[in-house]
Amino acid sequence: MDYDFKSIESKWQAYWAANKTNKAVEDASKPKYYVLDMFPYPSGAGLHVGHPLGYIASDIYSRYKRLRGFNVLHPMGYDAFGLPAEQYAIQTGQHPEVTTMQNIARYRSQLDRIGFSFDWDREVRTCDPAYYKWTQWAFLKMFDSWYDPEAGKARPISELVARIEKEGYEDVTQEQWASADEKEKSDILMRYRIAYLGETSVNWCEGLGTVLANDEVKDGLSVRGGFPVEQKKMKQWQLRVSAYAGRLLDSLDRLDWSDSLKEMQRNWIGRSDGTEMVFNTVCEGRELPVTIFTTRADTVFGVTFMVLAPESELVDQLTSSAQKEAVAAYIKEVKKKTERERIAETKTVTGVFSGAYGINPLTGEKIPVWISEYVLAGYGTGAIMAVPAHDSRDYAFAKKFNLPIVPLIEGCDVSEESFDAKEGIMCNSGFLNGMTVAQAIEAAKDYVEAHGLGRRRTNYRLRDAIFSRQRYWGEPFPIYYKDGIPCPVDEADLPLVLPEIDSYKPTGEAPLARAKDWTYKGYPLETSTMPGFAGSSAYYLRYMDPHNDKALVDRAVNEYWRSVDLYVGGTEHATGHLIYSRFWNKFLYDLGYVCEDEPFRKLVNQGMIQGRSNFVYRIVGTNKFVSLGLKDNYETTEIHVDVNIVHNDRLDLEAFRAWRPDFADAEFILEDGEYVCGWAIEKMSKSMYNVVNPDLVCDTYGADTLRLYEMFLGPVEQSKPWDTKGIDGVNRFLKKFWRLFHDRDNWLVTDEKATPAELKVLHKLIGKVQEDVENFSYNTSISAFMIAVGELAQMKCSKREILEPMVIMLSPFAPHITEELYHQLGHDSSVTTASFPEFIPALAAEDNVTYPVQFNGKMRFTIDLPKSATPAEVEAAVRASSQTEKYVTGLTIVKVIVVPGRIVNIVVR
RNA sequence: GCGGGUAUGUUGAAAUUGGUAGACAAGCAAGACUUAGGAUCUUGUGCCCCGUGCGUGUGGGUUCGAGUCCCACUACCCGCACCA
């Protein structure tokens, strides 16, 4: 009987679906383990072989944990709101929901073919009203909360109101509050709510007709679509993520994530400890204190000018009448630039003198105040003290505008460039003279605080998340406007269902503005929708209790599953989803809705699967194609060719002629009768014709081979090109494994007792697989299987005692073939209900140890000794060996090093 | 510029964490079986001047012993980037 993967795979996939084999049920008698994949956005292109990589890795781990007696939660769903479906709708008029459902169906059928152990009863879709009810609910909770920096957590806004009424808070006095009208009260509270409506400079993308969050913009272009993005002041919903910056940073230390990912988040959060200092300024007799932020308080004696951001509110007040025109012209010029231009021109220095002067609080010196775009309004206070000698940006500015440069560190040379390093001994710096920079920073901070000139302050780069999108295909905000005051929709009225609209074409206003009766209690509803990350921020919680319509997740259920034990996904979410989710979770934790303050305890980043593109070389001006080795003899153009008609870099000529009409009469110049294609590693994409579809691999080799091959390709974390060449190896392994059970006509498995040699093969394998799977080192554990199967084949061992444990161990990797064999072995339950075989080290141990014997570190020969031999016995045996004699003639043994079980090294002179 | 990572045969890679470098595959070569093979099975395969030789990006160091540890450098990949 041959290994017929097609019938085996479809048979068991149907069986698992019918029997709900992978259903997860809360069970207090078993330890839980929660394995999560980053759920996909169902794009129109379907899956390529790169997508399932992480899913396979996590599926292996889930199945392994199940064999080890854990109650495993391993769900899957779809991040289904998003731009591509809406843009398709704009082009075709088809409702995004229709497109989305079609794509989901396609994804599901592709996923099902690979044999994942997902509990599909727990599937979530972010675009499902029953799901986004809880996205809206969380938003309402954020709207109804503020961040109390004293308690270090979010609290209900009613507690803030109570406090203001009783004693005022920050700059809001009791009296002000008492006399405020509804609108004013709303405005005051808006400054504190976690979800708030605020005017801010936002990334506006004209091409997409919407605002975008910082992580959705790269190099001044939108990540989706690549349209230019400009800065615009707009009133938008925002989430006060910045309030959590400190906590998001601190608890990173407790997470089992890769260093690089944690570092990325640390950079994104961007903590910097510095000093806020007040400089008094004078402009035509008007005095105005200006607060600046610096991390280099020690350099205050070298301040030769100050700079304001062009967008700073202080600009108007600090512009003298003489400079008014020049400043206005400069600001106009700056505003005209797109974000992209501003980034591209970071090297060119621009700026204008404001006409005002500041007073250095330590020296009393009078310094000019300038305005320049190199100072950012959104960071610190939007104003800086400039120390050109020790800051390269200030230096460039000072050079351009001929401002003085005062060096503050002994022996530093600032004639050509600034000295930015935080090292050396201070000079020209009054009481700081003679200190090291590190000492001076602290001393200066102390001085500033002691003399009431400012205070220590920690700044974060992390900004609040802009939460509004002027789009259709997203969650509607549960907010309506009563006389212009934003009010929350009653929780009982959630979900607020996305209305139908007649056309998806952009008109300049938000699509929901066109919806009929988009009102609540007679008042207009908010017309923006939520961004993509809204629905993905708490989906891992919803999987715990996906059908609950009373709560996001039931308290007791949450206490059982707690948080994700293993999260598998790509690094591309480092500064988006993974920050927002952590924020969202911490917020829910503060209010007591969830029991863990971090959502993802361990995170594994799977690498990307790159494409391996193939090329043909067309001789310019002809329809003749020349093989790789001969192409240098001609003038050629390189053309991407579909990798599916190339095997081992040899072109299938007939398939090539049939591929595209213009190649139908192609001629070839061959080498050795074959056309050899060139190749390159590139991103897997349609346009490069290097996309490999997993369905195709399942058709030709089967899902088990696909799974094994993707894991055998290399470590899960590493990016690697897809190269179908090696796939035969793992396929051969499965066939070999099958042949331990079957030959052409017979069932070979016997109940004979296994020999010690056979048990050794088995137990060595158990030990290896156990260790490797725990470390996600799947490629080496597959190697171990190959070795074991080879050895058993050699021994002609087909004993149940050996093979049955192997079937169980292999089942996480290749679930279909093992399910078939497990049933053939006489079981009528699924292999997933089996237990991982127990590792007995004694059975795996070798009786003898082969010691490599080195002389002065060079290996010369090996010697077999009993495992029990003591180091002294080993040394004696080695000294007595005739081999040793050969290598020491004429020399003396200085010392013999014996590492028990490892090696013997003899030092000779 | 700042931060993180990687570097081993023709290719993907492994190395018990300081102890026989190249496991296991792929590719290639030779052979067997076969009407045939993109099937199956053997065997070989780091390099060379074939030795007590050389060899894990380069140059040093520590050690009886270094792919692994330390120092300096180079190349590539990823992230951030006028963040004061």
Give, in nm to one decimal, the length gained when the segment between residue A:333 and residue A:438 is fully stretched (0.36 nm per residue of separation minus the Cα-Cα distance).
33.8 nm
Whole Å is fine, so just give me how far the alpha carbon centre of the stretch A:663-701 lies from that of the stretch A:13-80.
33
Cβ crowding within 10 Å averaged over residues, with A:231-239, A:681-689 ranked highest first:
A:231-239, A:681-689
Round to the nearest 0.05 the FRET efficiency obtained for residue A:282 and residue A:502 when R0 = 51 Å and r is the Cβ-Cβ distance.
0.25
Roughly how large, in nm² to one decimal, is the mean projection of the convex hull of the alpha-carbon atoms in the stretch A:250-333?
8.7
Fewest to most Cβ atoms within 10 Å: A:240, A:657 sort as A:657, A:240
Summing -39500 (n - 2.57) over every DSSP H run of at least 4 residues in chain A and dividing by its residue count gives a helix-only mean residue ellipticity at 222 nm, to the nearest 500 deg cm²/dmol, of -10000 deg cm²/dmol
With an 8 Å Cα cut-off and a minimum separation of 6 or more residues, compute the relative contact order for chain A in percent.
13
For a protection proxy built on the mean count of beta-carbon atoms within 10 angstrom, sort A:350-360, A:146-156, A:175-185 highest first, please.
A:350-360, A:146-156, A:175-185
Listed here are the pairs A:183/A:482; A:799/A:867; A:858/A:895; which of them are more than 21 Å apart at the Cα?
A:799/A:867
Equivalent ellipsoid semi-axes for the stretch A:363-497, as square roots of 5 times the alpha carbon gyration tensor eigenvalues: give them largest first, rounded to whole Å.
48, 19, 15
Where a Cα-Cα gap under 30 Å defines reach, which lysines qualify for residue A:332, not counting those fewer than 8 residues away within the same chain?
A:218, A:232, A:233, A:235, A:324, A:347, A:366, A:399, A:400
Starting with the fewest neighbours, write out A:581, A:798, A:503 ranked by other beta-carbon atoms found within 10 Å of each beta-carbon.
A:503, A:798, A:581
Which of A:370, A:120 comes first, and how do the rest follow, when ranked by fewest Cβ neighbours within 10 Å?
A:120, A:370
Mind giving me the FRET efficiency for residue A:696 and residue A:187? R0 is 51 Å, r the Cβ-Cβ distance, nearest 0.05 is fine.
0.30
Give me the distance in nm between label points sitting 7 Å out from Cα along the Cα-to-Cβ direction at residue A:658 and residue A:718, one decimal.
3.8
Note the full-extension length gain between residue A:174 and residue A:824 as 0.36 nm times their separation in residues minus their Cα-Cα distance, in nm to one decimal.
226.1 nm
Compute, for chain A, the length of the dipole vector about the Cα centre, with Cβ point charges of +1 (Lys, Arg) and -1 (Asp, Glu) only. Units Debye, rounded to 20.
1040
Taking the Cα atoms of the stretch A:321-383, report the difference between the largest and smallest coordinate on each principal axis, in whole Å and largest first.
40, 27, 19
Distant-in-sequence amide H partners of residue A:222 (H built 1.01 Å from N, under 5 Å):
A:227, A:229
Figure the gain on full extension for residue A:861 and residue A:572 (residue separation times 0.36 nm, minus the Cα-Cα span) and round it to one decimal in nm.
98.9 nm
Rounded to a whole number, the Stokes-Einstein D of chain A in µm²/s (Kirkwood radius over Cα pairs; 20 °C; 1.002 mPa s) is 65
Selected from A:3, A:698, A:264, residue furthest toward positive end of dipole (chain A; charges at beta carbon):
A:3
Could you give the Stokes-Einstein D for the stretch A:117-262 in µm² per second, using the C-alpha Kirkwood radius, 25 °C, 0.890 mPa s?
132
Residues with amide H under 5 Å of residue A:435's amide H, sequence separation 5 or more or different chain, H placed in the peptide plane at 1.01 Å from N; which?
A:426
Quick shape summary for the stretch A:402-561, equivalent ellipsoid via Cα gyration tensor, semi-axes whole Å in descending order, reads 56, 24, 17
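A short reminder: the numbers here are calculations on the coordinates, not readings from a lab. All figures in this text were calculated on a predicted structure; none of them were measured in a lab. Please note: Cβ atoms are built from the backbone with ideal geometry, for glycine as well, and neighbour counts cover all protein chains shown.
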